[in-house]
Amino acid sequence: MIYVTRKTHFNAAHRLHNPNKSDEWNKQAFGKCNNQHWHGHNYVLEVTVAGQPDQETGYVIDLGKLKSIIKEKILDPCDHKNLNLEVPFLNNIIPTSENLVKAFFDELRSEIEEAASENSKLYSVKLFETERNIAEYCPDRVR
């Protein structure tokens, strides 16, 4: 198995807030991340495709095509946006890093797998909220 990763970045604001809970509960659960006036991050995103290279091109996936898919599906909708209010595919989720990596994976999967070589698949999405706080979603990884 060969793993190909594209790394990119975007900037966005969000607020961690569960509308089904009280303000006090939200303050206790999310602390500063519950700021009613939002807060922002300089996110780093890594998208990994796993598979075997195509016999004709030698690619698991053309990195230019992967770059375009990530731009269209994630960067264009999310960069310099409020993740709670402006990104339709994030409606009704609390935009924690954990929820974001799953939503990003789901948003990317079909188009990446169409563009990748035969029997290749989207393997993981990793999001660096800060250099120390990272979430990764790999639904098919063997435990």
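The values are calculated or read from the model by the stated rules, or taken from the named source; none is laboratory data. If you're wondering where the values come from, they're calculated on a predicted model, not measured in any experiment. No Cβ is skipped: glycine too gets one built from the backbone with ideal geometry, and neighbour counts run over all protein chains shown.
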Exercise for review: Go through the stretch 4-23 and give me each residue that's surrounded by fewer than 12 Cβ atoms within 10 Å (Cβ to Cβ) and either modelled with pLDDT under 95 or assigned to a loop (DSSP other than H, G, I, E, B) (or both).
Suggested key: 19, 20, 22
Practice item. Of the conditions (1) in a loop (DSSP other than H, G, I, E, B); (2) aliphatic (A, V, I, L, M); (3) surrounded by 13 or more Cβ atoms within 10 Å (Cβ to Cβ); (4) more than 14 Å from the chain's Cα centre (by Cα), residue 93 clears all except one; give me its number. Key: (4)
Exercise for review: Identify, by number, the condition in (1) in contact with an Asp or Glu (Cβ under 8 Å, 6 or more places away or on another chain); (2) exposed (fewer than 13 other Cβ atoms within 10 Å of the Cβ) that residue 36 doesn't meet.
Suggested key: (1)
**Study point:** Every residue from the stretch 103-136 that is closer than 23 Å to residue 1 by Cβ, in a helix (DSSP H, G or I) and under 14 Å from the mean Cα position of the chain (by Cα)
**Key:** 104, 105, 106, 108, 109, 112
Point to revise | Matching residues in the stretch 17-39 - criterion: being out of contact with any strand residue (DSSP E or B) (no Cβ under 9 Å at 6 or more places or on another chain) and in contact (Cβ under 8 Å) with a residue 24 or more places away in the chain | key: 17, 18
Point to revise | Complete set of residues in the stretch 53-66 that are surrounded by fewer than 15 Cβ atoms within 10 Å (Cβ to Cβ) and under 14 Å from residue 5 (Cβ atoms) | key: 63
